[in-house]
1. When the chain is modelled as a GNM with alpha-carbon springs shorter than 10 Å, which of C64, C382, C168 fluctuates the most?
2. Using a Cα-Cα cut-off of under 15 Å, which aspartates and glutamates could be cross-linked to K282, ignoring same-chain neighbours fewer than 8 residues away?
3. Putting +1 on Lys and Arg Cβ atoms and -1 on Asp and Glu Cβ atoms, find which of G298, V113, F326 reaches farthest to the positive end of the dipole of the chain.
4. How big is the range 94-220 in terms of Cα radius of gyration and Dmax, in angstroms?
5. Given the pairs K8/K315; K229/K315; K46/K143; K275/K343, which are separated by over 21 angstrom at their Cα positions?
6. For the range 68-108 and the range 156-218, write down the distance between their C-alpha centroids in whole Å.
7. Report, please, the projected area of the range 273-346 averaged over directions, based on the convex hull of its C-alpha atoms, in nm².
8. Rg/Rh for the chain to two decimals, with Rh computed the Kirkwood way over all alpha-carbon pairs.
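The values are calculated or read from the model by the stated rules, or taken from the named source; none is laboratory data. All values derive from a computational prediction rather than experimental measurement. Here Cβ is always computed from backbone atoms with ideal geometry, including for glycine, and neighbour counts include all displayed protein chains. Note: accessible area is taken over every heavy atom of the protein model, side chains too, but ligands, DNA and RNA are not part of it. Shrake-Rupley method; radii C 1.70, N 1.55, O 1.52, S 1.80 Å.
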Amino acid sequence: MNLSARKKMLPFEKAFEIVLNSARLLGTEHIGLADAANRILAEDVKSDIDMPPFNKSAMDGYACRRTDLANELAIIETIPAGVPPENVIGPNQCAKIMTGAMVPLGADCVIMVEFTKNPSENTVRFTGKETDGNICLKAEDIKVGQIVLSKGTLIKPQHIATLAAVGCANPCVAVRPKVAILATGNELVEPSQSPAFSQIRDSNSFHLAAQVETTGAITKNYGITRDTKKAIDSAIKTAIAENDVVLISGGVSMGDFDFVPDILKQNGIELMFEKIAIKPGKPTVFGFSKNKSVFCFGMPGHPVSGFVMCELLVKPFLYRLMGHNFIPLEIKMPLRTSISRKKAGRPSWIPVAITDEGTARPVEYHGSAHFNALCAADGLLCIPKGTAEFKEGTIVSVRRI
Ligand code: AMP
Ligand code: MG
């Protein structure tokens, strides 16, 4: 990519397209169900059985014929779950049956035990008015051979239940990307330290690692690197050698000590862009090595900027590396109070709380250094390019964080 194109401030949509289209799958592996939560399926999963595998009683009760419901019925056997019935139900006969047991041939309904009485030890009468059958029909949920989960699915607890039920005990999933996190800055100290005058604690490397881990990726926090070319070069070399993705916080802007883009280039990373037309998050850098063995993001140092760009760009990219098409949860709701801004040249993301009445209320927010504003927020909303004001009551989309 030529220099002028790279230095140009890209519309976010273009930057997003470049980032996502550059992703490649890293590989697959088989894992146990106990480790499957939050992983991405790498193949379609078919069922090896019908579900239910047989006509199954949904209730504890008596299996019988609907035509006999007005009569006293002879109880001919008891059918526990897991034991096949021995008899066919004939006229004025029934079998006592447990939830989950196989419904015997001849029966077309199960009457709930709550709606019965026993005139004698071996007979029963229906005391209800009608029954909706209480039989889960064979194969009504899943048919043998049916694809129940498709490649690219993010595995949640409900998917684990399905995998288990259809016999997929060792699903094939995408390999988790290894993601390095580096924080650059002479002003930074560890959270456990007391900052001296002109210092602040490194918060970015920790929130970035936590955000990345929500995708299932594996992080390694390389900690703080000083703003010297030598220190940054050495940290980037190590991170590139050991990981699939490298996130470098800070040092990507216009300051005298913002060396990151040049050092990435010196290390064989071709930069695709160095600025995005978005607020916050303008100084965001992205590139990759020739054979795509490693992908690098230069993340803006301001904490809210880094947080927002990680949500909007890095997380969807990490999911794409695993073959998952990430679609953020966005909820439409009216705006509680009007919001306005002076400059409308870039789309702008602002933190909002979701009120009990289901409206979006902007939280107090002083700009991209004000990270604790995000703690009061439930989501982010985007004021599009060219829009200076959203009036109270406007229907907005809130992207959950
Ligand atoms: P930079 O992009 O390096 O110019 O940093 C922009 C702003 O973000 C400065 O005010 C930094 O002090 C702040 N900053 C940079 N890195 C971090 C970090 N790791 N944690 C918290 N704040 C940071
Ligand atoms: Mg800096």
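1. C64
2. E13, D258, E274, E311
3. Working it through, the farthest residue towards the positive pole turns out to be G298.
4. Rg then Dmax for the range 94-220, in Å: 29.3, 89.
5. K8/K315; K229/K315
6. Result: 55 Å between the Cα centres.
7. Working: hull surface 27.8 nm².
With every direction weighted equally, the projected area is 6.9 nm².
8. Radius of gyration over Kirkwood radius for the chain works out to 1.18.
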